[in-house]
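The values are calculated or read from the model by the stated rules, or taken from the named source; none is laboratory data. As the structure is a computational prediction, the values presented were derived from the model and not from experiment. Cβ placement follows ideal geometry from the backbone for every residue including glycine, while neighbour counts extend to all protein chains displayed. The protein model used for the area step is the full one, side chains on, heavy atoms only, and it has no ligands, DNA or RNA in it. Shrake-Rupley method; radii C 1.70, N 1.55, O 1.52, S 1.80 Å.
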Amino acid sequence: MQSAVSPPSGYRGRLAPSPTGYLHLGHARTFWTAQQRALAAGGVLVLRNEDLDPARTRADFASAMLEDLRWFGFAWQEGPDVGGPHAPYNQSQRREFYLAAFERLRAAGSVYPCTCSRRDVEESAGAPHEAPPGGAWAPDEPVYPGTCRPRIRAEQPAAARSSAPRAGRNWRFLVPDGTALTFVDGRYGIQTAIAGTHFGDFVVWRKDDAPAYQLACVVDDNGMDITEVVRGADLLLSTFRQLLLYSALGFTPPAFFHCPLVTDDQGVRLAKRHEALSLRALRAAGRTPEEIRALTVAD
Ligand SMILES: [Zn+2]
């Protein structure tokens, strides 16, 4: 109906929750900003179900997620329950796209197999570097020390291509050490990080033979023609990693808008363990979406 009056603009935003627990206030606030920005632009909002991790994903959380979002007042034009031109909208059904992107990265010599354990990386990584002035991000994982890096990359990228079996090891993206990366965030302004200093070679394919978050996110945001990514500021540093993937895959990156994180009264970032602040618990306690929205107005 609305489209007869005002055809959709080119704006395409998305909500990308993972069904690993109940949605809480922090999700609601970030998603609300995403919806408001899509509405203001006269655009389309896509719901993508990020159910890639079989160990943490549950079907009952997925159905609760859709129900809680609808109750809160979210409406999406494309998604797992309503379909759309970019279906499927469940990441668990999109493996072929991730695999194709991974094989392109491998053919270009952009990724290499890593047999280090998490503990190896933690023990050999240096102290994390804080963001430069104006940076709204915080270090999020140890900088990988490069133990398994191929030695011949600079002269012959293709020679660095590994024919190792895909499964059974992590595959890391080789970042260009010392390169300063910059983007303009819609909320925080100019953001800069240095590859190899602020973040290291990151995992794009996991040893359990599943795509890592960074790769799946880029492949889907590109494949679903997303024009602006609105998400929590905890993912700000990952934006630099993802920009490298966009470039390596020949994709045009979307715009980015990161939202401040909601904290509890102790200043601790909300997580799915804050059950009392889940939308489900608030609803059971008689709170209305309007009241919750008033608690989570974005600044
Ligand atoms: Zn390694």
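Quick notes on this structure:
- Within segment 85-132, the set of residues being free of Cβ contacts under 8 Å to residues at least 12 places away in the same chain, assigned to a loop (DSSP other than H, G, I, E, B) and either closer than 26 Å to residue 197 by Cβ or in contact with a helix residue (DSSP H, G or I) (Cβ under 7 Å, 6 or more places away or on another chain) (or both) comprises 117, 127, 130.
- Residue 247 satisfies every condition listed in (1) at pLDDT 95 or above; (2) among the small types (Gly, Ala, Ser); (3) within 22 Å of residue 138 (Cα to Cα) except (3).
- Of all residue pairs spaced 6 or more apart or on separate chains, those with beta-carbon atoms under 7 Å, a first member in segment 282-299 that is among the basic types (Lys, Arg) and open to solvent by 50 Å² or more (accessible area, probe 1.4 Å) and a second member that is in a helix (DSSP H, G or I) and at pLDDT 85 or above are 283/71; 293/32.
- Residue selection: residue 75 satisfies the criterion of being more than 28 Å from residue 206 (Cβ to Cβ), in contact with a Leu (Cβ under 9 Å, 6 or more places away or on another chain) and touching a residue at least 40 places away in the same chain (Cβ under 8 Å).
- Filtered by the rule that a residue be open to solvent by less than 80 Å² (accessible area, probe 1.4 Å), within 16 Å of the ligand (Cβ to nearest atom) and of a type in the set (D, E, K, R), segment 112-148 gives a lone residue, 120.
- Selection from segment 219-252 of residues that are of a type in the set (Phe, Trp, Tyr) and in contact with a Phe, Trp or Tyr (Cβ under 8 Å, 6 or more places away or on another chain): 240
For (1) within 26 Å of the chain's Cα centre (by Cα); (2) under 20 Å from residue 65 (Cα atoms); (3) at pLDDT 90 or above, each residue gets a yes or a no:
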| site | (1), (2), (3) |
| --- | --- |
| 254 | yes, no, yes |
| 258 | yes, no, yes |
| 264 | yes, no, no |
| 271 | yes, yes, no |
| 276 | yes, yes, no |
| 279 | yes, yes, yes |
| 283 | no, yes, yes |
| 288 | no, yes, yes |
| 292 | yes, yes, no |
